[in-house]
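Coordinate-derived values only; no laboratory data. Keep in mind that this is a model prediction, so the values were computed, not measured. Reconstructed Cβ throughout: ideal geometry from the backbone, glycine too, with neighbour counts over all protein chains shown.
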Amino acid sequence: MHRKLRATVLTAAVLGATAASAQNFEQYGSEAGWNIAIKEDMGPGCLMMKTNEDGTQIQMGIDATGELKGYMALYMKTPANLAKGDDFEVLFDVDGDQFEGEAIGQEIEGYKGAYVLVNNPDFIYDLAKKKQLTITPKGHRQVLVNLDGTNAAFETLRACQDAQAQ
């Protein structure tokens, strides 16, 4: 059974950069293969990011421009059947628990991808306790994110966000 992920489509105006344009990030730390950074125009908010062997870039973080929200983003250098502004359904499988959401496509500096903004930032933090996140965008290839051992990265992400709130 699928649960509707309480998500809102995030537009390019809200988060205008990706790891492809890392100069917009201030490095905070690195844990378990993830880079943790501060992004001032997100409130400031913190994010963690890594690139899989296939070149897929994953970002998860907190948007603190208003009420705290979590978000996830995926970017690929390989050609994707995705255009800026496209919106599409996404299925998230977190260790067998399934959630649906909406995403919007973006094209930024040689990457194609999409963001999903999640109304509950704890959804992002709770991934620390999980093993695998499978993201299946409707009409696009499935992306697997191994979450084994990422608890330290999520702890650093939370410490980063707590430091920004002070």
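Karplus-derived 3J(HN,Hα) values for segment 126-138, using 6.51 cos²θ - 1.76 cosθ + 1.60 with θ = phi - 60°, are 5, 5, 4, 8, 10, 9, 8, 10, 10, 10, 10, x, 4 Hz; glycine and proline are entered as x.
Taking 0.36 nm per residue of sequence separation and removing the Cα-Cα distance, the residue 67/residue 89 pair yields an extension gain of 5.5 nm. Among 99, 154, sorting on how many other beta-carbon atoms sit within 10 Å of each Cβ, with the fewest leading, yields 99, 154. Sparse packing (at most 16 other Cβ atoms within 10 Å of the Cβ) combined with a DSSP loop state is found for the following GluC sites (Glu not before Pro) in segment 65-166: 67, 109.
Each of 158, 141 was scored by other Cβ atoms within 10 Å of its Cβ. Arranged with the fewest first, they read 141, 158.
Distant-in-sequence amide contacts of residue 65, defined by a placed amide H-H separation under 5 Å and a gap of 5 or more residues or a different chain, comprise nothing. Note on segment 121-162: along the principal axes its Cα atoms extend 37, 19, 12 Å, ordered by decreasing extent. How much net charge surrounds residue 105 when only the other residues with a Cβ under 9 Å from the Cβ of residue 105 are counted, with Lys and Arg +1 and Asp and Glu -1? My count for the surroundings of residue 105 gives -1.
Here's how it looks for residue 30: its modeled amide H is under 5 Å from those of 36, which are all 5 or more places away or on a different chain.
As a proxy for reagent exposure, ranking 125, 115 by other Cβ atoms within 10 Å from fewest up yields 125, 115.
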